[in-house]
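Scroll down for the structure; my scribbles are underneath it.
The values are calculated or read from the model by the stated rules, or taken from the named source; none is laboratory data. None of these values were measured; they are calculated from a predicted model. Here the Cβ positions follow ideal geometry from the backbone for every residue, glycine too, while neighbour counts run over all protein chains shown. What goes into the accessible areas is simple: the full protein's heavy atoms, side chains included, and nothing from ligands, DNA or RNA. Shrake-Rupley method; radii C 1.70, N 1.55, O 1.52, S 1.80 Å.
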Amino acid sequence: MKEENVILVNENDEQIGLMPKMEAHEKAVLHRAFSVFVINDKGETMLQQRAAHKYHSPLLWTNTCCSHQRDGESNISAGKRRLEEEMGFVTELSELCSFIYKAPFDNGLTEHELDHVMIGDYNDAPRINTDEVADWKWMKPIDIKDDIAKNPEKYTAWFKIIFEKFYEHLTKNIS
């Protein structure tokens, strides 16, 4: 299988090129990404635990799904595509905000992303793709925040950043 490219961007989210995903993570080059948060009617967020074989952050808890847009693909289309691929369902998404972060990993790779945060509603159990996801659960935002404070090593770098930077924004927009 051919390795996917990521979309290289500048700080204004303007596309400046394409690069194989692994190379972008080895060179810590800024690229476009997205993070989807799915909320149920109880105000709980669906979390996923990344599969054990992921090349970084294996078995860590994170938002409902995340990945990289493909060349020519809108943020919303990419979010819906990956939500279906990882979690086995589709729902309407809206874009909440975006931010840039850089997170180096112990394996020498670095995530340097302009991350588009999207939110959607869903109330049923997902049909997880076990190649991508080890487990899932619903959690209230306050419980996530408390658990991140107690057990930060159990969560992905980008998820902790989103919660720190946008907690108030996320909780305000889940009703």
For this session: Would you please name the residue that is nearest to residue 60 (Cα to Cα), looking only at residues in the stretch 145-175 that are in a helix (DSSP H, G or I) and modelled with pLDDT of 95 or more?
Result: 154
For this session: Would you check which residues across the stretch 22-54 are at pLDDT below 95, within 15 Å of the chain's Cα centre (by Cα) and surrounded by fewer than 22 Cβ atoms within 10 Å (Cβ to Cβ) and list them?
Result: 54
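Could you list, in sequence order, all residues of the stretch 89-102 that are among the small types (Gly, Ala, Ser) and surrounded by 14 or more Cβ atoms within 10 Å (Cβ to Cβ)?
The one that is among the small types (Gly, Ala, Ser) and surrounded by 14 or more Cβ atoms within 10 Å (Cβ to Cβ): 98.
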Exercise. For the subset of the stretch 57-79 comprising residues that are assigned to a helix (DSSP H, G or I) and surrounded by 21 or more Cβ atoms within 10 Å (Cβ to Cβ), which member is nearest to the chain's Cα centre (by Cα)?
Worked result: 79
Seminar exercise, completed: When (1) surrounded by fewer than 18 Cβ atoms within 10 Å (Cβ to Cβ); (2) out of contact with any Gly (no Cβ under 8 Å at 6 or more places or on another chain); (3) closer than 23 Å to residue 5 by Cβ are applied to residue 82, the one that fails is (1)
For this session: Provide a single number: the residues in the stretch 10-36 that are closer than 21 Å to residue 156 by Cβ and part of a strand (DSSP E or B).
Result: 6
Exercise. Under the condition of being hydrophobic (A, V, I, L, M, F, W, C) and over 16 Å from the mean Cα position of the chain (by Cα), which residue from the stretch 107-137 is most open to solvent (accessible area, probe 1.4 Å)?
Worked result: 125
Exercise. Does the stretch 146-162 contain at least one residue that is hydroxyl-bearing (Ser, Thr, Tyr), loosely packed, with under 15 Cβ neighbours inside 10 Å and on the phi < 0 side of the Ramachandran plot?
Worked result: no
For this session: Name, by its number, the condition in (1) among the aromatic types (Phe, Trp, Tyr); (2) under 23 Å from residue 125 (Cα atoms); (3) assigned to a strand (DSSP E or B) that does not hold for residue 99.
Result: (2)
Problem set entry | Failed item, numbered, when residue 71 is tested on (1) at pLDDT 95 or above; (2) of a type outside the set (S, T, N, Q); (3) farther than 20 Å from residue 112 by Cβ | (3)
